[in-house]
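Below is one structure; the comments refer to it alone.
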Amino acid sequence: MKIALAQINQTIGDFQKNTEKICLYLERARKQNSDIVIFPELAVTGYPPKDFLDIPAFIDENLKALNEIVRHVSGISALVGFVDRNKQRHGKLVHNAAAFIQDQKLISVHHKSLLPTYDVFDECRYFEPAHQILPVKCRGYTLGISICEDMWNDKEFWTRPLYEIDPIENLISQGADVMINISSSPFAVGKHNEIRLRMLMHDAVKYEVPFIYVNQVGGNDDLVFDGNSAVINTQGKLIAQAAAFQEDLVVVDIKNPSVQIQPNTYSDIETVHMALIAGLRDYVIKCGFKKIIIGLSGGIDSAVTAALAVESLGKGNVIGVLMPSQFSSQGSIDDAVKLSQNLGITYKVIPIQEVFGMYQKTLETEFKGSPFDITEENLQARIRGNILMALSNKHGYLVLTTGNKSELAVGYCTLYGDMSGGLALISDVPKTMVYELARHINREKEIIPRNSIDKLPSAELRQNQCDQDSLPPYEMLDGILKAYVEDARGIEEIIHMGFDEKIVREIVRKVNRNEYKRRQAAPGIKVTSKAFGSGRRMPIAHNFLC
């Protein structure tokens, strides 16, 4: 049986284009003499549709689109993810579903059993779990159809399974001899090779059946889907794999499988690089923007952000703005200009010293007797933010903020200042990883000026300012933040890892007290195992220090 893996990039709620794309891939698979073509989870609606699922018209349009797809399935079978109505008189109104289609007929519908409610997932909010689990016959095979989380609960693979039932085990017990999993599994660094493939290989060997895994690709808001759809044979060997971060159609004959192939081999920093480029491109296109604008300081964060933007959107769609003050060093201005020239982007210079002086004069009476402090520093950041947003309003540009995860974690950023914008591209990238990205971007030639990488990081909002005046070294800070934010370790555990107790307590305190800032931040692109935003939901008002 020849199976086609249709790894596509959908737009949430764009039923016309999603349907057209599904029909296009149906035709491509048919021309390659495929017996069945498999699409990702919720291919019709796009994933995750969130509260659109509460709108009856959204469900209606999704079902109309499915009916249109059914009419196009001729000479081939198809498995398509969609939203089905719950026909029972109890429970949630809809199911996360897969439609098995043959000869222009909807043969069977399969509902998702395990509904993840952790990290960025909130499926119990919307979906009713499957009331029954059944395989389906196709070309002499018994297909076990599962949806994403359904395959993430093997009691031998996981030390603590999250659910009482195992849909894969259930399907195997009913005679399934080919397992199919349609997914919308978001990217996180290291996730695919270290978890997904290992899990698929484990299950294939355990049950002695081939596993077909089809994942969506592309960005939707803060999530990026890496694709990497795969076929594992009964010996647990990878025999086919789709591209990473690109749409793809892969056809494999499971009766006569090809020889073992090697997984897509990318370093962690390469995958983060690809994820950020894909996430930015889709965010801009799917939100209807054409150009983006970035404040360039001469520092490494804005330089990396600009370089990624050019790779993602092209140099003609990126505008840089230099906004020097009396505290800006000539070196930083020169670095920002050199970066712009290296990237080939248009850049503008809009000094803020005069505007800052007017703010100080306006507030002179109110500030009388008070020394220059963080208030005046933040005023400069807010002036810059206002300028960028004015250019955005006037010309329809999307503003990219340039703050990294380390800064956002501890509140080393200014509300309505450097946090102003439509997308925080590197807000899930720790500072140490920003340096890795810069070196990776410069792997063939110097794009980011060497001085932007080598110099001590500084906000340049006062004389002789340096980040390390307010923060520990970034290597130490990022180690503590990973332990606390991503690994959910407590203070005592982190101290026992070898970090200074006073610094640990201060960093945890800063993380906790700056939740109010993060709640107002622009969305970012998730690349780590735990990103701020929808994947980490913490109260603002509390008095807990673990």
Worksheet item: Would you say Asn256 is assigned to a loop (DSSP other than H, G, I, E, B) and at negative phi?
Response: yes
Worksheet item: Which of the residues spanning segment 380-436 are touching a Gly at 6+ places or on another chain (Cβ under 9 Å), of a type in the set (D, E, K, R) and over 16 Å from Thr305 (Cα atoms)?
Response: Arg382, Arg384
Fill in: Filter result (within 19 Å of Arg30 (Cβ to Cβ) and in a strand (DSSP E or B)) within segment 237-247
Ala240
Practice prompt. Spot the failing condition for Phe372; the list is (1) under 27 Å from Leu456 (Cβ atoms); (2) of a type outside the set (D, E, K, R); (3) surrounded by 13 or more Cβ atoms within 10 Å (Cβ to Cβ), and only one is missed.
Written response: (3)
Worksheet item: Among Gly344, Gly298, which is the only one that is open to solvent by 10 Å² or more (accessible area, probe 1.4 Å) and not aromatic (Phe, Trp, Tyr)?
Response: Gly344
Practice prompt. Considering only residues that are touching a helix residue (DSSP H, G or I) at 6+ places or on another chain (Cβ under 7 Å) and more than 22 Å from Val284 (Cβ to Cβ), look in segment 210-226 and name the one that is most open to solvent (accessible area, probe 1.4 Å).
Written response: Pro210
Item to complete: Out of Val250, Val231, Val205, report the one residue that is open to solvent by 10 Å² or more (accessible area, probe 1.4 Å), of a type in the set (Val, Ile, Thr) and part of a strand (DSSP E or B).
Response: Val250
Worksheet item: When residues of segment 72-116 are filtered for being modelled with pLDDT under 95 and of a type in the set (Ser, Thr, Tyr), how many remain?
Response: 1
Response to the item:
Flagged in segment 272-299 as more than 22 Å from Phe225 (Cα to Cα) and of a type in the set (Ser, Thr, Tyr), in numbering order, are Ser297
Worksheet item: Among the residues of segment 397-410, is there at least one that is surrounded by fewer than 22 Cβ atoms within 10 Å (Cβ to Cβ), touching a residue at least 12 places away in the same chain (Cβ under 8 Å) and out of contact with any Leu (no Cβ under 7 Å at 6 or more places or on another chain)?
Response: no
Response to the item:
Filtering segment 348-369 down to residues that are free of Cβ contacts under 8 Å to residues at least 12 places away in the same chain, assigned to a helix (DSSP H, G or I) and open to solvent by less than 80 Å² (accessible area, probe 1.4 Å) yields Gly357, Phe367
Response to the item:
Those residues of segment 93-111 which are in a strand (DSSP E or B), open to solvent by 20 Å² or more (accessible area, probe 1.4 Å) and in contact with a helix residue (DSSP H, G or I) (Cβ under 8 Å, 6 or more places away or on another chain) amount to Lys105, Leu106
Worksheet entry | Single residue of segment 514-540 satisfying the filter (of a type in the set (Val, Ile, Thr) and under 17 Å from the mean Cα position of the chain (by Cα)) that is farthest from Ala278 (Cα to Cα) | Thr528
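The values are calculated or read from the model by the stated rules, or taken from the named source; none is laboratory data. In this text, all values refer to a predicted model and were calculated from it rather than measured experimentally. In this analysis, Cβ positions are derived from the backbone assuming ideal geometry, glycine residues included, and neighbour counts consider all displayed protein chains. Please note that ligands, DNA and RNA were not included when accessible areas were found on the heavy atoms of the full protein model with its side chains. Shrake-Rupley method; radii C 1.70, N 1.55, O 1.52, S 1.80 Å.
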